[in-house]
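The structure's right below; bear with me while I get my questions together.
Rule-based calculations on the coordinates, nothing more; no lab input. Because the structure is a prediction, the values reported are computed rather than measured. Here the Cβ positions follow ideal geometry from the backbone for every residue, glycine too, while neighbour counts run over all protein chains shown.
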Amino acid sequence: MKILLVSIMLSILSAMNSTTNSVSINGNIDPLPGQSVTMTVSPDDASYTYVWDCEGNWESQERRFDFSYSGNQITITPKEMKVQMLGLHCTVYDENGNTVGGDYVEIIWYWRN
């Protein structure tokens with residue numbers, strides 16, 4: 001009986017993980033200071049809603065960066081040429097408001113020799 005219960009729990013867990021892993025954010029996560037970055041979320045579907053969030057509050061991040069959105073993309077431009085980091089989340093919802101999944105990236109603007 002325990003083996004059956006464990007098998008069921010593992011199948012449920014793997015199904016839950018496959019949902020959250022269906023979304024990914026791609027783009028340059030290590031740009032030079034001051035360089036703009038465009039991050040793209042997959043899957044790209046016109047019926048999906050892409051909700052962006054960041055570590056810290058938006059007001060403090062908007063003092064450091066300019067953000068522009070277009071469909072499944074976000075472009076981030078630092079307001080200063082300095083070393084800094086931004087943690088960025090995107091959660092994707094389908095046309096019925098159900099969560100498709102989400103992903104997280106850390107973008108680090110740093111000097112390279």
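How many nm is it between the label spots at D94 and W111, if each spot is 7 Å from the Cα in line with the beta carbon?
Going from the D94 label point to the W111 one covers 5.0 nm.
Give me the net charge of S36's neighbourhood, meaning all other residues with Cβ under 14 Å from the Cβ of S36; Lys, Arg count +1, Asp, Glu -1.
For residues surrounding S36, the net value is -1.
For the residue pair N57 and D44, what label-to-label distance in nm results when each label sits 7 Å from Cα along the Cα-to-beta-carbon direction?
3.5 nm
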